[in-house]
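Report on the following structure.
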Amino acid sequence: KEVGLEIFARSPSQLTTSSLRQAMTTSISTLGGYLADEVEVPLGPLSRSSVYLAIPGFGMKMSSRFRRKKISRRDLFVEALTCHATQLSDAYWLSSPRLQRKWEWRRSPKTDPVSALTRAWRKGHVSNFDYLLRLNAISGRCFHDPGNYPIMPWVLSNFTSDSVPDLTDERNYRDLSKPMGALCPDRLRKFQAKYACLCGIVDTAIPPFMYGSHYSNTGGVVLHYLVRVRPFAGLHRQLQGGQFDLPDRLFRSVAQTWDICSQTSTTEVKELTPEWYSDPTFLKNTHNFNLGTCTADGAAISDVALPSWANNDPVKFIEVMRNALESDFSSSHLPNWIDLVFGCKQRGPEAEKANNVFYHLSYYDSDDLAKIEDESLRTEIELHIADFGSCPAQLFLQPHPGKKLDRKSQSELSMSV
């Protein structure tokens, strides 16, 4: 198992139209020196050409006067790097609650980078997209690893209307306080029944869970959505034995995918990737891959079928999706989703109350794996996690604070609700 570290910096956004550029432009330029006086936190878009370092994940036994303990190779590397590269900010590498406890002497509420970033977002200096992307980076998600790819939420729920959804009408939005598996009451009751049944089994080492799949994994989510772009198309074929998956199982329709993930499937609870809010190319089969034909109607599968309101224009689709993500409604309810994925409802009793319990191995991190001394068992668990998916590092132990909307926005939001 290799543990990755990503050294990132700002990079200019590569946009195709002025309208999309306007939708995606971050407000960082208006920030000035706001964060400079508190802590140096890079806030530009993550660069796809960032330096990525892979470090063997096994631990090293360090002698101690009182005991012998195992220290993560990642922690040892970070400690050595910060000692010899003093100009390099290591803020994000030490931002998870577990690492904060280890390095408590290096952190304070004023200089903690997560707190500084959250304060900037609450004041409107950071867009919702950039904030979520940065939380993903802090929690160990990056574009270099399909198994730990950045996670984005479904925000819109209207993919069937002919006209562009009214972004001031809450009926066009997904309930961000619930995980994907809990959006449909009928489907949720089935998940809850399975969970109750598993809770009744006492002679097992596997803790009960609600969902047998995950909202982010390599084959079922990342390579599923990005099957039309390189290098993900090649990775997809490699995973499928050298060819594309069965046509009926490929990603071919936005509306169909939303229905499957939110209500009709007994297993799928997929969230989204950043491309849904930033890059229209993943919706076009520009490389003319032979994806087969759909057995239902015999139609050849090529570009992704978009909602009618997008007028078959991927750029327009991404623009509407991005505007929905940056809307006042999303800004107001985004903390609820952050609690589920990065925060206090990710695990434990609060996760159970929120119907947000996944298979126990999805909560493992590098430190948990380093404690497994049986190499064959550790490899087996690593392969399972790579296939099933994993939760990001938990960044918040308390409910995430809300965004400070201006009075006009609050008034419009209350009227729409």
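The values are calculated or read from the model by the stated rules, or taken from the named source; none is laboratory data. On a predicted model such as this, the values are computed, not experimentally measured, just so you know. Here the Cβ positions follow ideal geometry from the backbone for every residue, glycine too, while neighbour counts run over all protein chains shown. Heavy atoms of the whole protein, side chains included, go into the accessibility calculation; ligands, DNA and RNA do not. Shrake-Rupley method; radii C 1.70, N 1.55, O 1.52, S 1.80 Å.
Electrostatic tally near N323: other residues with Cβ closer than 12 Å to its Cβ, Lys and Arg +1, Asp and Glu -1, net -2. N311: net charge of surrounding residues, Cβ under 12 Å, Lys/Arg +1, Asp/Glu -1, itself excluded? Residues close to N311 contribute a combined charge of -2.
Note: relative contact order over segment 262-410, using C-alpha pairs below 8 Å and six or more positions apart, is 21 percent.
Using the average count of surrounding beta-carbon atoms within 10 Å as a protection proxy, the listed peptides 290-297, 175-182, 388-395, 205-212 rank, highest first, as 388-395, 175-182, 205-212, 290-297. The label point for Q398 and the one for R249, both projected 7 Å from the Cα toward the Cβ, are 4.6 nm apart. Pairs from the list K178/K284; K316/K404; K353/K404; K194/K371; K190/K270 with a Cα-Cα gap above 21 Å: K178/K284; K316/K404; K353/K404; K194/K371. Classified by the C-alpha gyration tensor, segment 205-344 has an oblate form. Its axis ratio a/c, with a ≥ b ≥ c, is 1.5 or above, and a/b does not exceed b/c.
So what's the gap between the Cα centers of segment 210-225 and segment 168-203, to the nearest angstrom? Cα centres, segment 210-225 to segment 168-203: 17 Å.
Per-residue packing, averaged as other Cβ atoms within 10 Å, sorts the ranges 256-265, 324-333, 215-224 into the order 215-224, 324-333, 256-265, beginning with the highest.
Per residue, segment 314-373 exposes 33 Å² of solvent-accessible protein surface, assessed with a 1.4 angstrom probe and all protein chains in place.
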